[in-house]
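**Student:** If you scroll down you'll find the structure; I have some questions about it.
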Amino acid sequence: MKVHFREQYGTRGDEILYVVPADQEAIVRVPLSADKSSYKENFTLYRIFKQIFLPQGYPDSVSHDYIHYQIWDTIQAFCSTITGTLTTHAILKGVGVGNDYVSPLSATVTWVLKDGAGHFGKILFAWAKGSELDIDSKKWRLRADFLNDVAMGIDIFMLPRFPEMATYILCGTTTMKAIVGVTGGATRSALTQHHAIRGNLADVASKDSAQETCVNLLASLVGLFLLTQIKGQLVLYTLYFIVTCIHLFANMKAVRTICLRSFNESRFLIAMEEFFQTGRVPSVVAVNQRERVTIGQTVSLSLKVKIGLSAKDLTDHFRTSQDIDNVLASFDPHEKFIFAESRRHLGIYLHFEARPADVLKAYFYAVSYLQDRNQFRDRYWEVHSKWNDFLGMAQKEGWLMASHLMFVDEYRLDWRM
C-alpha cells in the first residue's frame, strides 16, 4: 500500500490518509479515527453552527480563553437585552406613548433632546478618558456594564413616578448610556484584538457580532413575553433586580477569564512583587487571576509613578544645574531613561530613542528605587542584573515584553548633548 498524503483539518480534526491499495490503482480516502469528537465535527448542524458563529479555524485561530469568555459574554448580553426591553417600555411610557394628553411634537422634542445629550456625553467622555480604555480594558468593561444597569434602573424606577421630569431623566440616562457605548465599543475592540491571534481581527469581530445579534434576538422575544406577563410594578422591580444581578455576575466572570499577555501597571506590579519575593515571574494566567477588575490595584506603591514627563517637571523641582547633573550622573549614560523623585510623584523621563521595552525597564528600576531609596544607588548594577533575570523569565512565561499597556505621556528628552 502506497500512502500519498496525510491530511488533518486544524489540530482537532480527523487524520485522513490518501492511499493506493496494493491490488488497485485508484486513490482511496481512509479516516484514521472515528471517535465521538470526529462524529461531532462531521455532524452537519454542528459544522454549520461553527461556520456561522465561530471564527475560521476555531479553536486554533483564537486565544485559549476565547470560548470561556464568549460563554459568559453571551449570558450577560442575554440579560442586558431583557433589561433593555423593560427599559424601552418604560421610556416609551415616559415620553407619552399611549397618552392622549401628550402631543407628537413634545414627544419628538424629548427624544431629540435625549439623543443630543447622548452625543455630547460621547464626545466629552472620549476626550476625558479615551486613553485609559486600552490600559485597563477589563476594569472599564465592567464599569460600563454597571453604569448601563444603573441608567436602565433609573429609567425603570423614575420615569413612571415622575413623568413630568421625563425629559431631564432621559437626558441624564442617555448620557450615561452614551458613555457605556463608547466604553463598551472601545474595550470590546481591545479584547477582540487579544482573541485574534492570527491577525484575524475582522473575522473574530464579525463572528462576535453574529453571536450578539442572535442572542439579542432571542432575548428580545423573551423580554416581550415577560412584558405581557408582568402584573404590577413590584414584579417589574423584582425581575429587574434578578436579571441585573445575573448580568453583573456574568460580566465579572467574563472579564476574569481574559488572560492578557501585555503588562499594564496593575499586572506589572503583581509580577514584580512575586519576582522580588520569590525570584520567579508568575504565569500570564496567575497574574490575570490576581488582577483586580473592580476598583483599586492589587499592589500599590508608596508614591505615584508618572512616565514620559516634561523636563519642566524636573527643573521645577531641581532648580540648579548641579542638582540636574547629580540626577544624570546616577544613571548609566547608555540608558534611555532617567527618573527623579519630587514631592508628589516619581517622574520617569524618556529619551527620544526609548522603546516600549525601555518603558518597562524604567518602571522596574523606579519600583526598585521606591523599595529602598537609600541603597538604590549602591545597588544600581544589582538592579540591572535583576531586570535581565526578570526579562528572561517573563518571556519564557509568555509575556509580551516588546509592547505594553502602561500610560505614557508624549514628552521625550535628550540629555547626551
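**Student:** Taking the options S330, S321, S300, S342, name whichever one is of a type in the set (S, T, N, Q) and surrounded by 15 or more Cβ atoms within 10 Å (Cβ to Cβ).
**Tutor:** Result: S342 is the single residue among S330, S321, S300, S342 that is of a type in the set (S, T, N, Q) and surrounded by 15 or more Cβ atoms within 10 Å (Cβ to Cβ).
**Student:** Looking at E265, E273 in this structure, which one is within 25 Å of T192 (Cβ to Cβ) and of a type in the set (D, E)?
**Tutor:** Among E265, E273, only E265 is within 25 Å of T192 (Cβ to Cβ) and of a type in the set (D, E).
**Student:** Now, a different point. For segment 352-378, name all the residues that are open to solvent by 10 Å² or more (accessible area, probe 1.4 Å) and under 17 Å from L328 (Cβ atoms).
**Tutor:** Listed by number, the residues that qualify are F352, E353, A354, D358, Y369, R377.
**Student:** Moving to a separate point now. Tell me, please, whether a residue that is in contact with a His (Cβ under 9 Å, 6 or more places away or on another chain), open to solvent by less than 50 Å² (accessible area, probe 1.4 Å) and either modelled with pLDDT of 95 or more or farther than 21 Å from K138 by Cβ (or both) can be found in segment 159-169.
**Tutor:** Checking segment 159-169: not a single residue is in contact with a His (Cβ under 9 Å, 6 or more places away or on another chain), open to solvent by less than 50 Å² (accessible area, probe 1.4 Å) and either modelled with pLDDT of 95 or more or farther than 21 Å from K138 by Cβ (or both).
**Student:** Right, something else. Any residue at all in segment 102-116 that's of a type outside the set (F, W, Y), under 28 Å from N251 (Cα atoms) and modelled with pLDDT of 85 or more? Before you say what the answer is, go through the steps one by one.
**Tutor:** Step one: filter segment 102-116 for residues of a type outside the set (F, W, Y), giving 102-110, 112-116.
When the remaining residues are screened for being under 28 Å from N251 (Cα atoms), the result is 114-115.
Filter once more, keeping what is modelled with pLDDT of 85 or more: 114-115.
Within segment 102-116 (the criterion being of a type outside the set (F, W, Y), under 28 Å from N251 (Cα atoms) and modelled with pLDDT of 85 or more), the answer is yes, since at least one residue qualifies.
**Student:** Here's something else I'd like to know. Considering only residues that are open to solvent by 80 Å² or more (accessible area, probe 1.4 Å) and of a type in the set (A, V, I, L, M), which ones fall in segment 398-417?
**Tutor:** Within segment 398-417, A402, M417 meet the criteria.
**Student:** Related question: Taking W381 and the conditions (1) in a loop (DSSP other than H, G, I, E, B); (2) aromatic (F, W, Y); (3) open to solvent by 60 Å² or more (accessible area, probe 1.4 Å), which numbered condition does it fall short on, given that it satisfies the others?
**Tutor:** (1)
**Student:** Could you give every pair whose Cβ atoms fall below 8 Å, whose first residue belongs to segment 319-331 and is touching a residue at least 12 places away in the same chain (Cβ under 8 Å), and whose second residue is open to solvent by 40 Å² or more (accessible area, probe 1.4 Å), counting only separations of at least 6 or pairs across chains?
**Tutor:** Sorted first by the residue in segment 319-331, then by its partner, the pairs are V327/F318; L328/W415; S330/R377.
**Student:** Is it fair to say A178 is surrounded by 20 or more Cβ atoms within 10 Å (Cβ to Cβ), in contact with a Lys or Arg (Cβ under 7 Å, 6 or more places away or on another chain), touching a residue at least 12 places away in the same chain (Cβ under 8 Å) and farther than 15 Å from T88 by Cα?
**Tutor:** When the stated conditions are applied, A178 passes them.
Each row is one residue, and each column tells you yes or no for (1) at pLDDT below 95; (2) closer than 23 Å to H404 by Cα; (3) in contact with a Lys or Arg (Cβ under 7 Å, 6 or more places away or on another chain).
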site	(1), (2), (3)
F275	no, yes, no
V281	no, yes, no
G296	yes, yes, no
V299	yes, yes, no
V305	no, yes, no
T320	yes, no, no
I324	yes, no, no
D358	no, yes, yes
F364	no, yes, no
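**Student:** May I pose another question? Please report, ordered by residue number, the helices (runs of 4 or more DSSP H) entirely within segment 222-307 with at least 3 residues that are more than 26 Å from the chain's Cα centre (by Cα) and over 30 Å from Q395 (Cβ atoms).
**Tutor:** Answer list for segment 222-307: 233-257.
**Student:** Report yes if F376 is modelled with pLDDT of 90 or more and over 15 Å from L303 (Cα atoms), otherwise no.
**Tutor:** no
**Student:** While we're here: Determine, yes or no, whether Q395 is open to solvent by 70 Å² or more (accessible area, probe 1.4 Å) and part of a helix (DSSP H, G or I).
**Tutor:** It is true that Q395 is open to solvent by 70 Å² or more (accessible area, probe 1.4 Å) and part of a helix (DSSP H, G or I).
**Student:** Can I ask one more? Quick one: how many residues across segment 303-318 are of a type outside the set (S, T, N, Q), free of Cβ contacts under 8 Å to residues at least 60 places away in the same chain and open to solvent by 60 Å² or more (accessible area, probe 1.4 Å)?
**Tutor:** 4
The values are calculated or read from the model by the stated rules, or taken from the named source; none is laboratory data. Predicted, not measured: the structure shown is a model, and the values here were computed from it. Here Cβ is always computed from backbone atoms with ideal geometry, including for glycine, and neighbour counts include all displayed protein chains. What goes into the accessible areas is simple: the full protein's heavy atoms, side chains included, and nothing from ligands, DNA or RNA. Shrake-Rupley method; radii C 1.70, N 1.55, O 1.52, S 1.80 Å.
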